[in-house]
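Inspection log for the structure reproduced underneath, given as structure tokens.
The values are calculated or read from the model by the stated rules, or taken from the named source; none is laboratory data. Here the structure is a predicted model, which is why all the values come from computation and not from measurement. Remember, those area values only see protein heavy atoms, side chains included, never the ligands or the DNA or RNA. Shrake-Rupley method; radii C 1.70, N 1.55, O 1.52, S 1.80 Å.
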Amino acid sequence: MGFDLSGKRVAVLGAGKMGGILLKALLEKGFLSPKSTFATVQHEERARSLTEKLGVPVGTDNLAAVRGADIIFVCVKPQVVQEVMEQIRPNVSPNQLIISVAASVPTSQIEKALAGNIPVVRAMPNTPCALGYGMTALCKGKYATAKQAETACALFDVVGRTVVVDEKHMDAVTGLSASGPAYIYIILESLAEAGVKVGLPRDVATLLAAQTTLGAASVVLETGDHPALLKDAVTTPAGCTIDGIMELEEGKLRVTLIKAVVKAAQRAKELAYG
Ligand SMILES: NC(=O)c1ccc[n+]([C@@H]2O[C@H](COP(=O)([O-])OP(=O)(O)OC[C@H]3O[C@@H](n4cnc5c(N)ncnc54)[C@H](OP(=O)(O)O)[C@@H]3O)[C@@H](O)[C@H]2O)c1
């Protein structure tokens, strides 16, 4: 373990899809101790079932959950962040670290809502964090130190890769890597459907599509080669792949993906300032 969380209290506010993924993964990997981890949700019934499922206390009282916490994850929907920050303000002090994963909410908004020079790190993870294949971009607010940013990075390193970016890029990150798994699932589903069309059993087609996606992504990450060069290596002159590529170009796959990321990033900006 590159950093020590032993004895540290951690609160996860909003243990929904993303909060739940982070909580479960960090508990499973032994980075959080069930004894010093607390979480909240909105509904009592869900709190009860999560307490049983995760083996940590889950309640609905945000103010109580953050009392004495060293690290506070904010994982509620962007529209709820302001209200939750106002709730917890009386129990938050500058020796705590806030890590917000809320899309679109600037660190300055959280700092302003909490008042009192509170260190804030903003992170944008994605759902593959559940299996340790996540991608998280992080930036720090005005009062967070480099060491606190490092601590936040170290936490997200446990569930995948991390990159530090300027805050001005966080909406772009949202449109690319946070929304990205949804685009890739559609591509995978389509490739599997295509496999079925050419006669493969569905389970085989899905396996071929998923492992091919994982393989191609791994080659990009491990070699650092430009994807266009790697594509050329697959494309034998007068072979089969070039015929497939012609169909992709005619169907405007490239421009469609570019437009998808642009739209999602624009939406992230609208949610923040609209
Ligand atoms: N999903 C993703 O892929 C993803 C990726 C990156 C970032 N994020 C960010 O993660 C945040 C959560 O998204 P999500 O997809 O995980 O949504 P979600 O599944 O709806 O989770 C939101 C959670 O917040 C809880 N909640 C609502 N109001 C609350 C309150 N006042 N106090 C405490 N908890 C409250 C909800 O409780 P109940 O369960 O009782 O309703 C729910 O558990 C968002 O800000 C989003 O931008 C999500």
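The smallest convex shape that holds all Cα atoms of the chain, its convex hull, gives 150 Å³ per residue.
Comparing Val74, Val105, Val262 in a Gaussian network model of the chain where C-alpha atoms under 10 Å apart are linked, the largest mean-square fluctuation is found at Val262. Surface composition of segment 49-111: carbon and sulfur make up 49 percent of the accessible area, probe 1.4 Å. Secondary-structure-derived ellipticity at 222 nm for the chain, considering helices only, amounts to -16000 deg cm²/dmol, per-run term -39500 (n - 2.57) for DSSP H runs with n ≥ 4. At q = 0.11, 0.22 Å⁻¹, what is the base-10 log of I(q)/I(0) for segment 1-96 according to the Debye formula with one equal point scatterer per Cα and no solvent? Please give it to two decimals. Those come out to -0.28, -1.14, one per q.
For the pair segment 116-178 / segment 23-65, the C-alpha centres are spaced 21 Å from each other. Mean separation of Cα pairs under 8 Å and 6 or more residues apart, divided by the residue count, gives the chain a relative contact order of 14 percent.
When each full DSSP H helix of the chain is screened for a Cα extent of at least 18 Å along its own axis and an average Kyte-Doolittle hydropathy of at least 0.5, the helices passing are 180-197, 202-223.
For Lys77, the accessible surface of its heavy atoms amounts to roughly 130 Å² (probe 1.4 Å, protein chains only, rounded to the nearest 10). Among Ser108, Ser218, Ser190, the largest mean-square fluctuation in a Gaussian network model of the chain (Cα springs under 10 Å) belongs to Ser218. How would you classify segment 44-174 from its alpha-carbon gyration tensor, with a ≥ b ≥ c the square roots of the eigenvalues: rounded for a/c under 1.5, else prolate if a/b is greater than b/c, otherwise oblate? It comes out oblate by the Cα gyration axes. Normalised per residue, the accessible area of the chain is 57 Å², obtained with a 1.4 Å probe and no contribution from ligands, DNA or RNA. Result for the chain in a Gaussian network model with C-alpha springs under 10 Å: among Gln211, Gln42, Gln79, the largest mean-square fluctuation is at Gln211.
Taking the DSSP bridge list for the chain and keeping only pairs wholly inside it, about 15 percent are antiparallel.
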